[in-house]
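Below is one structure, written out as C-alpha cells; the observations come after it.
The values are calculated or read from the model by the stated rules, or taken from the named source; none is laboratory data. Bear in mind the structure is a predicted one, so any value in this text is a computation, not a measurement. These accessible areas exclude ligands, DNA and RNA; they are computed on the full protein's heavy atoms, side chains included. Shrake-Rupley method; radii C 1.70, N 1.55, O 1.52, S 1.80 Å.
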Amino acid sequence: MEGPPHGATRARAALRGADPAYEAFKRLSDDDRELLALVAWEGLSGAEIAKVLGCSRGAARIRLHRARKRLAKELADLDPDLTGYGQRAVSLAKGRQ
C-alpha cells in the first residue's frame with residue numbers, strides 16, 4: 001500500500017507544526033500573513049491585492065516583496081533543509097534573489 005502524496009504529508013506536518021515553512025509563517029506579523037495568504041491561498045493578482053488592501057498596485061508589490069523577504073529571513077533563522085522547497089527558497093533564505 002502506498003503512503004499519502006508528498007503534498008498531503010507536508011500539509012499534515014504543517015498542521016502539527018513540524019513544517020519549518022509553517023513555523024516561519026506563524027512568526028510573521030498579521031499583516032504579512034494576510035498578504036502572503038492572499039497570494040498563496042487565494043491566488044489573487046497584484047491588482048486584486050491592491051484593491052483588497054486599499055493601496056496602489058506598486059505599494060502592494062512592495063509590501064509583498066518585503067513580506068516575502070521577512071518570511072525568508074524567518075526560514076533562515078530556523079535553518080531548515082529547504083531543498084525540498086526548491087532552489088528559489090534556498091536562494092531567498094540565503095539573502096539572494
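Accessible area per residue for the range 29-97, computed on protein heavy atoms with a 1.4 Å probe, is 68 Å². Just the protein heavy atoms count here, and of the accessible area of the range 40-97 at 1.4 Å, carbon and sulfur take up 49 percent. Under 5 Å from the amide H of ASP19 lie the amide H atoms of ALA14, each residue being 5 or more positions distant or on a separate chain, with H modelled from the backbone and absent for Pro and chain starts.
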